[in-house]
Structure formats: structure tokens, C-alpha cells
Amino acid sequence: MITISKFIQSYARHLSIGSLVLPLACVLLLLDAGTRSGSVLWQLEEATGLPPFNVLLYLSLMALVISVAGLFGVRNGRTAAVSTAAIVLSIVLSAFCSIMVLFGMIFL
């Protein structure tokens, strides 16, 4: 029977690379959310009713979990730097989106 830790260890190298891609995609979506017309997140809000910064918050928290899981695949200094950069970027994105959601709930 495969346990979760064995599963994570077997795919940790792929998680390490993917954990850097997801926060970078979140940064691009954050920059795209600044414009009202034609933004992917605003179109998602019109279709589903989910506010854009909530979606970014969920994505950045998911990226943080994937980044921490990617730490199991650290084999050398480069992969350690990639995992650390992904974790730091995910924490900064999560904090920024949390503040935006909090102030949006308070003042709107």
C-alpha cells in the first residue's frame, strides 16, 4: 500500500518545478486582475461569482502547500533555491491577497 509520504517523495521532483510555476502564474494573474476589461479573473467572477482576489488567495495557498511538498525532492543547491523561492513567493502572495480580501470585506 502506498502512503502519502511515499507518493510525495516519488513525485517531489516534479512538484518542486511545478511549485515555482504556480506562484509565477499567480503573479501574472494578479497583474492581470488590475485591469477590469478582458481579465481572466474578472471573467471568472462574472461566470461563477467568485471574487478575483479570493481565487488568487486559494491559488497561492495551494501553491504554498505544493511548494512545501516539493521540499521532499531537494537534491542539490539549485532545487533548494527553487523550493525556497517558491515558498517565499507563495507566502508573499498569500499575505497580499489576504489583506486585499480582508479590506474588501471590511470596506465594501
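The values are calculated or read from the model by the stated rules, or taken from the named source; none is laboratory data. Note that this is a predicted model, so its numbers are computed, not measured. A quick note on method: Cβ atoms are made from the backbone with ideal geometry, for glycine too, and the neighbour counts reach across all protein chains shown.
Return yes or no: is VAL40 out of contact with any strand residue (DSSP E or B) (no Cβ under 7 Å at 6 or more places or on another chain), at pLDDT 90 or above, surrounded by fewer than 16 Cβ atoms within 10 Å (Cβ to Cβ) and not basic (Lys, Arg)?
no
Output the qualifying pairs, or none if there are none: Cβ atoms under 6 angstrom, residues six or more apart or on different chains, first residue in segment 16-27 and in contact (Cβ under 8 Å) with a residue 24 or more places away in the chain and closer than 20 Å to SER39 by Cα, second residue of a type in the set (S, T, N, Q) and surrounded by 22 or more Cβ atoms within 10 Å (Cβ to Cβ).
These pairs meet every condition: PRO23/SER90; CYS26/SER60.
How many residues are over 21 Å from LEU24 (Cβ atoms) and without any contact (Cβ under 8 Å) to a residue 40 or more places away in the chain when one looks only at segment 75-108?
Count: 7.
Among residues belonging to segment 56-83 that are surrounded by 14 or more Cβ atoms within 10 Å (Cβ to Cβ) and polar (S, T, N, Q), point out the one that is nearest to LEU15 (Cα to Cα).
SER67
Identify the single condition in (1) touching a Gly at 6+ places or on another chain (Cβ under 8 Å); (2) farther than 17 Å from LEU31 by Cα that PHE53 does not satisfy, given that it satisfies every other one.
(2)
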